[in-house]
Amino acid sequence: MGRIYISKTSLLKKIFTTIGAFAFFSSIQAAEVTQERLVRISLWAATDVYPGYFDTDDVSEKEKNTNKDENSEVTYSVPVKKIKELAPFMVEGMVYGWKFDYTPSDKARGVKEYFEMEPVNTLSDAERDSIRFAHPWVENDRLSAWIEYKRSENQIHIYNSWRSILHPRIQGVGYARLAEGFDGIKKACEEALKNAVREYERTQIKTKPKEITGKVLLSEQPLIGVDAGRYKVLLDFFMESDKIVEYKTF
């Protein structure tokens with residue numbers, strides 16, 4: 001992974017400050033944070049993108065050096081870039097939520113499974129710029145950081161509306177290949193949402209529906225890990241069903 005210096009925290013702070021906005025908080029301050037006003041989630045990226053990535057023949061010398069400074073020391077610029085790609089996607093899920101359209105598979109009717117998800121609203125440039133990266137650390141070949149985003153008054157109202165109305169709470173797990181990077185985590189999130197919706201609707205609808213559409217809001221910070229060489233993403237949601245279409249005849 002390259003050498004880790006005593007001044008590692010200062011180095012990481014410098015990297016995040018150069019690439020994007022950075023804020024440093026102590027662990028005591030972090031414990032006092034609530035999701036209502038301040039979205040706070042932990043994200044990570046492998047320091048080597050995925051094990052052995054920079055040692056393969058398919059990677060150019062220029063790309064191999066993007067993770068190092070002029071003295072050939074590790075600077076973590078590649079995992080920082082990956083975290084910065086993922087942060088707005090996760091913040092959107094917690095601030096505005098995602099819409100989904102799900103058609104369960106039905107072999108008897110010859111229907112293939114279909115699932116699509118998209119953000120309810122995308123973050124504006126100003127909202128993206130207000131994302132902060134706090135307290136980065138390196139451990140077990142991973143660069144991690146706390147992602148912080150202060151909700152606007154309107155976004156606080158959205159969050160409290162989801163909490164106050166009797167929306168069901170659902171949970172799902174999704175997987176994707178490590179080699180897919182950011183796209184893989186998005187796929188794992190999509191699979192986690194699909195599985196959460198499918199398992200919930202199985203308990204609510206006696207017969208398999210033709211189509212389900214709705215919205216969800218991430219209710220807890222996403223948990224992203226690795227299991228058997230794949231990303232494993234665990235997501236919790238508030239859910240609102242917009243439309244449930246049932247088959248009229250077999």
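At-a-glance table
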read-out: Members of segment 202-242 that are open to solvent by 60 Å² or more (accessible area, probe 1.4 Å), in contact (Cβ under 8 Å) with a residue 24 or more places away in the chain and under 14 Å from P104 (Cβ atoms); value: T207, K208, K210
read-out: Residue check for R177: surrounded by fewer than 19 Cβ atoms within 10 Å (Cβ to Cβ), more than 20 Å from L235 (Cα to Cα), of a type outside the set (V, I, T) and touching a helix residue (DSSP H, G or I) at 6+ places or on another chain (Cβ under 7 Å); value: no
read-out: Filtered residue count, segment 100-110, keeping only those that are surrounded by fewer than 17 Cβ atoms within 10 Å (Cβ to Cβ) and touching a residue at least 12 places away in the same chain (Cβ under 8 Å); value: 4
read-out: Residues satisfying the stated conditions in segment 180-194, i.e. touching an Asp or Glu at 6+ places or on another chain (Cβ under 7 Å) and surrounded by fewer than 17 Cβ atoms within 10 Å (Cβ to Cβ); value: F182
read-out: Of the criteria (1) in a loop (DSSP other than H, G, I, E, B); (2) under 15 Å from the mean Cα position of the chain (by Cα); (3) of a type in the set (F, W, Y), which one Y231 fails; value: (1)
read-out: Leading residue by the ranking (most open to solvent (accessible area, probe 1.4 Å)) among those in segment 36-58 that are at pLDDT 55 or above and of a type in the set (D, E); value: E36
read-out: Entirely in segment 89-166, the strands (runs of 3 or more DSSP E) that have 1 or more residues that are over 15 Å from the mean Cα position of the chain (by Cα), at pLDDT 95 or above and under 20 Å from E190 (Cα atoms); value: 98-103, 114-119
read-out: Segment 178-218, residues that are within 23 Å of I165 (Cβ to Cβ), at pLDDT 95 or above and of a type in the set (S, T, N, Q); value: T213
read-out: Selected residue (only one of K187, K248, K194 is free of Cβ contacts under 8 Å to residues at least 12 places away in the same chain, more than 23 Å from R40 (Cβ to Cβ) and not in a strand (DSSP E or B)); value: K248
read-out: Meets criteria (over 22 Å from E36 (Cβ atoms) and touching a Cys at 6+ places or on another chain (Cβ under 7 Å)) for G174; value: yes
read-out: Qualifying position, being in contact with a helix residue (DSSP H, G or I) (Cβ under 7 Å, 6 or more places away or on another chain), surrounded by 12 or more Cβ atoms within 10 Å (Cβ to Cβ), closer than 16 Å to K82 by Cα and not aromatic (F, W, Y), among I170, I147; value: I147
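The values are calculated or read from the model by the stated rules, or taken from the named source; none is laboratory data. All values reported here derive from a predicted model rather than from experimental measurement. Glycine gets a Cβ as well: all are built from the backbone with ideal geometry, and neighbour counts include every protein chain shown. Heavy atoms of the whole protein, side chains included, go into the accessibility calculation; ligands, DNA and RNA do not. Shrake-Rupley method; radii C 1.70, N 1.55, O 1.52, S 1.80 Å.
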